[in-house]
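> Can you read through this structure? Questions will come right after.
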Amino acid sequence: PIKPENTFRIIALGSYQTFGHGVNNDQTYPAQLEKLLNAKYKGKPNVEVWNGGRHAGSAIIGLARVKNEVLSFNPDLVILDYGMVDDSILGDDTYLHNFLIHDNKLSDFIRFFEQSFNKMFGPSLVIMNLSRKFVELGRNNNIDKFVDTMKQTIKLLAEQKIPIIVLKSTKIQMAHS
């Protein structure tokens, strides 16, 4: 957490696109941003861009990370890149389509059945389609929760006088329109 002298530290938080799903570490946007800024400023100051992206990262995870991790690293700027999965999350993240179902005895049974079925026959399109229906039922509520969570995260960072860049999620914008 100790920041070297003459260093401007940026922490990028987000989901798949920040993490760099499908590309090498040096091809992620945080790595490219660090390279571009250091070339521009020639090390005065030295710019660090930390990649805090996580697969299936959601705004609530970002808020928890800001509260419990990020502030201890003394960032000079935080980039928030959430919204890719936030309109779809309803439960755990055992499998991508399973985290779209609330946790209860019925969903536990469905997961058990699905996992057994998948081991023998491959993924079930019926269960995946049912999961999509659950998502559609909760989408507007999830978008409201996303907006509220982002506001809380921005407020927390603003109280610490840390500048913020919020990258707009086209998916959330389209769903909210």
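The values are calculated or read from the model by the stated rules, or taken from the named source; none is laboratory data. All of these numbers come straight from a predicted model, not from anything done at the bench. Cβ sites come from the backbone with ideal geometry, for glycine too, and all protein chains shown count toward neighbours. Each accessible area value is taken on the protein alone, full model and side chains, heavy atoms only, with ligands, DNA and RNA left out. Shrake-Rupley method; radii C 1.70, N 1.55, O 1.52, S 1.80 Å.
> State all residues of region 1-51 that are assigned to a helix (DSSP H, G or I) and surrounded by fewer than 12 Cβ atoms within 10 Å (Cβ to Cβ); if no residue qualifies, say none.
N25, D26, Q27, A39, K40
> Would you confirm, using the coordinates I've provided, whether D108 is more than 30 Å from I2 (Cβ to Cβ), surrounded by 15 or more Cβ atoms within 10 Å (Cβ to Cβ) and at pLDDT 70 or above?
no
> Let me ask you something else. Looking at region 111-129, which of its residues are at pLDDT below 70, at negative phi and open to solvent by less than 80 Å² (accessible area, probe 1.4 Å)?
Within region 111-129, R111, S124, I127, M128 meet the criteria.
> I've got another one for you. Applying the selection to region 59-75, what residues are open to solvent by less than 30 Å² (accessible area, probe 1.4 Å) and touching a residue at least 60 places away in the same chain (Cβ under 8 Å)?
Those that are open to solvent by less than 30 Å² (accessible area, probe 1.4 Å) and touching a residue at least 60 places away in the same chain (Cβ under 8 Å): A59, G62, L63, V66, P75.
> Follow-up. When residues of region 76-90 are filtered for being open to solvent by 10 Å² or more (accessible area, probe 1.4 Å), at pLDDT 90 or above and over 15 Å from G20 (Cα atoms), how many remain?
Count: 2.
> Let me spell it out: the conditions are (1) under 27 Å from L80 (Cα atoms); (2) charged (D, E, K, R); (3) modelled with pLDDT of 75 or more, and R132 meets all of them except one. Which number is the exception?
(3)
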